[in-house]
Amino acid sequence: MNRKLSIFSLLMAFVLILSACASGGSSSGDSGEKPAKKTLRIVNDAQYAPFEYMDKGKMVGFDVDIMKALAKEAGYKYKLVNVGWDPLFVELKNKTADMSISAITINADRKQSYDFSNAYFLSTNKILIPKDSDIKSGADLKGKTIAVQTATTGQEAVEKIVGKNNPKVKKYKNINLAIMELNNGGADAVVADNTVIEQYAKNNADKNLKVVEDADAFEPEFYGMMYPKDSKLKPEFDKALNALFDNGTYAKIYKKWFKVEPDIDQLKAQQ
Ligand code: ARG
């Protein structure tokens, strides 16, 4: 074959491949026959150890490991982006993100605007206080100044006790700021997910904090991945989650972070 001609056909093939890539890459909205799996944009608030947090510039945590295993199982590439708590809800509502994994509690209120995966973690709110505090229960929070992360189930649980719009509830955009307020003496207590405050109290013994549990005041909660409404990803990732439950991967990640065996039957019972 003429050399010029073969270079020309090579070039043409290259152009064809390029244009195929370009249309495939931006086809998020169309329902093409067999769209190549796109890279998912997954958002979180990575200031929530041990679920998602920055460690020496790297995002780490239980959720981060679970997400990695889930995406591998479901066959997706993804980018996990730390956008913050309030913005992650906005992104899912606007569908600029495909999903979120961020220790998010599945509840009826959120279900009106978002879809959730099956449960992947059991949690409950507890109270973080100085060791010498006289707070012993949820009811004791009445009259106290309480710091929470804005728009969390912690805020909701506290307001159920002390009343909505109570000025003594101080709201912060992430949990670390709320805990800082407690340490600075600007609040009497922080209410947040047990695992987060228990770990904080343990890892920061110099702060002299303890955690109080009140199962009557604070209900059990289950975390789920959150999606925009009617996301096609939910069934795929629910399947992947069950695979991780059944093949030992979930238990392995759970033990890495929490040092104990997970109760997988309890999580599956939520399905
Ligand atoms: N589980 C609580 C909720 O859903 C708090 C979650 C906060 N998560 C975070 N990554 N900051 O409201």
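The values are calculated or read from the model by the stated rules, or taken from the named source; none is laboratory data. None of these values were measured; they are calculated from a predicted model. Ideal geometry is used to build each Cβ from the backbone, glycine not excepted, and the neighbour counts take in all protein chains shown. These accessible areas exclude ligands, DNA and RNA; they are computed on the full protein's heavy atoms, side chains included. Shrake-Rupley method; radii C 1.70, N 1.55, O 1.52, S 1.80 Å.
Under a Gaussian network description of the chain, with springs only between Cα atoms under 10 Å, the residue in 261, 91, 181 that fluctuates furthest is 261. For the chain, a Gaussian network of Cα nodes joined below 10 Å ranks 226, 180, 67 by mean-square fluctuation, and the top entry is 180. Distant-in-sequence amide contacts of residue 192, defined by a placed amide H-H separation under 5 Å and a gap of 5 or more residues or a different chain, comprise 126, 128.
Distance between the C-alpha centres of region 117-177 and region 74-106: 24 Å, rounded to the whole angstrom.
Pairs of Cα atoms nearer than 8 Å and 6+ residues apart set the relative contact order; for the chain it is 24 percent. In a reduced charge model with +1 at each Lys and Arg Cβ and -1 at each Asp and Glu Cβ, region 67-136 shows a dipole moment near 200 debye about its Cα centre. Partners of residue 256 within straight-line reach, counting aspartates and glutamates whose Cα lies under 18 Å from its Cα and excluding those fewer than 8 residues away in the same chain: 52, 55, 63, 65, 198, 246. Across 102, 113, the residue with the most accessible area heads the list, and the full order at a 1.4 Å probe is 113, 102. The shape of region 92-243 comes out prolate: with a ≥ b ≥ c from the C-alpha gyration tensor, a/c is at least 1.5 and a/b beats b/c.
Rg/Rh for the chain stands at 1.10; both radii use Cα atoms, and Rh follows the Kirkwood definition. Here the chain has 53 percent of its accessible surface on carbon and sulfur atoms, given a 1.4 Å probe and all protein chains in place.
Counting only DSSP beta bridges with both residues in the chain, the antiparallel share comes to about 65 percent.
Provide the per residue accessible area, probe 1.4 Å, for region 59-100, rounded to a whole number of square angstrom.
Per residue, region 59-100 has an accessible area of 46 Å².
The calculated pair-distance distribution of region 139-224 uses every alpha carbon pair, bins of 5 angstrom beginning at 0, and gives 3, 14, 27, 28, 19, 7, 1 percent.
Comparing 184, 174, 194 in a Gaussian network model of the chain where C-alpha atoms under 10 Å apart are linked, the largest mean-square fluctuation is found at 184.
Of all beta bridges that DSSP places with both ends in region 79-218, some 55 percent have antiparallel geometry.
Summed over the residues of region 124-257 and divided among them, the accessible surface reaches 48 Å² per residue at a probe radius of 1.4 Å. Partner lysines whose Cα lies under 24 Å from the Cα of residue 136, excluding those fewer than 8 positions away in the same chain, are identified as 126, 144, 160, 164, 168, 170, 171, 202, 207, 210.
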